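Any read-out appearing in this document is the output of simple, stated calculations on the displayed coordinates, not a laboratory observation. These figures come from a predicted structure and were not determined experimentally. Reconstructed Cβ throughout: ideal geometry from the backbone, glycine too, with neighbour counts over all protein chains shown.
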Amino acid sequence: MAVKLVAVDMDGTFLDSGKSYNKARFLRQYAQLKERGIRFVVASGNQYYQLQSYFPDIADEIAFVAENGAYISDRNEEVFCGELSAENVRRVLSILAEEPEISTVVCGKRSAYIPPSMSDEVVALLSNHYRRLEKHDDLNHIDDTIFKFSLNLPHEGVMPLIERLTKALNAAGNIVQPVSSGFGFVDLIIPGLHKAHGVGLLQQRWGIDDCEVVAIGDSGNDIEMLRQAGYSFAMANATEAVSAAARYRTENNDDEGALNVIARLLSKEYPFG
């Protein structure tokens, strides 16, 4: 069947190591995708407002599966917004308080929130992923719809942290579950609200089957989306688990691997021809 949707992760996939992409090449490709009726979806752990800033020319035309699937928008219209209860936010924060080495971001619909004590160095790092980032005196009491937590720590500590948090969160009732977002980030997402869920809602909205979807990713938070898509591509820089989940491979993010997949799609090269 013909491809009707292309979904791309951002960090480590669509973006190169300098947090940029070949805009001129992509806009030429996007014009062809649009002409052929192929939807373009940005599926990322990043904040919605941050994702929009990467696509100033077409943000009003495309869809975003932001915050790892917690917030979904199509042409500036909200399609879905997850929500954690205030009590569950406090329960998660009490568990995270036992992990002094992590930097915690509480992610909400209007903004993302961090403690006033967070260092300028970490704030600068987080600003690459959160266009709206506010310091808040009490993370337990935020007047916003909260749907995710994002944690940052040295890369070597990611897997041990995921193991510890999985155990602690399961004991607390599986309020949220940890997933690796790459680059020393771990997201705590509402169970089931992953990228595949978000892309799936857009597919239902547009009448698109899984076999008509191209998905491209590199990190653990892309696995469900890759397993769901008929044409799934792992970046050359992807983790082993992601490579195992994907049906196909492409070049790394510094060699425009994601744009190369789109080019092969447009020219009907393997596996599209």
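Numerical summary
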| quantity | calculated |
| --- | --- |
| Summed side-chain charge close to Arg75 - residues other than Arg75 whose Cβ falls under 15 Å, Lys, Arg +1, Asp, Glu -1 | -3 |
| Calculated Rg and Dmax of region 97-148 using C-alpha coordinates, Å | 10.6, 28 |
| Phi to ³J(HN,Hα) by Karplus 6.51 cos²θ - 1.76 cosθ + 1.60 over region 216-229, Hz, x for Gly, Pro | 10, x, 9, 10, x, 6, 9, 4, 4, 5, 5, 5, 7, 6 |
| Extension gain (nm, one decimal) between Glu101 and Ser85, 0.36 nm per residue minus Cα-Cα | 3.2 nm |
| Stokes-Einstein D (µm²/s) once Rh is taken as the Kirkwood radius of region 92-222 over alpha-carbon pairs, at 25 °C in 0.890 mPa s | 153 |
| Cα-based reach from Lys34 at 23 Å (exclusive), listing lysines while leaving out same-chain residues under 8 positions away | Lys4, Lys23, Lys195, Lys268 |
| Most mobile listed residue (Val179, Val41, Val79) in the chain, GNM with C-alpha springs under 10 Å | Val79 |
| Whether region 1-40 is rounded, prolate or oblate, judged on the alpha carbon gyration tensor where a/c under 1.5 counts as rounded | oblate |
| Label-to-label distance, nm, for residues given as Asp255 and Ser117 (7 Å Cα→Cβ offset) | 4.6 |
| FRET efficiency for Lys23 and His141, using Cβ-Cβ distance with R0 set to 45 Å, rounded to 0.05 | 0.65 |
| Region 177-273: translational diffusion in µm²/s, Stokes-Einstein, Kirkwood Rh over Cα pairs, 25 °C, 0.890 mPa s | 177 |
| Net charge of neighbours whose Cβ lies under 12 Å from the Cβ of Gly37, counting Lys and Arg as +1 and Asp and Glu as -1 | +2 |
| Equivalent ellipsoid dimensions for region 12-135 as semi-axes, Å, which come from the Cα gyration tensor, largest first | 31, 18, 11 |
| Spin-label pair Ala59/Glu163, simplified geometry with 7 Å Cα→Cβ offset, distance in nm | 4.1 |
| Convex hull volume of region 123-166 per residue (C-alpha atoms, cubic angstrom) | 117 |
| Debye intensity ratio in log₁₀ form over the Cα atoms of the chain, taken at each q of 0.10 Å⁻¹ | -0.48 |
| Within straight-line cross-link reach of Lys135, lysines at Cα separation under 19 Å, skipping those fewer than 8 residues along the same chain | Lys109, Lys148 |
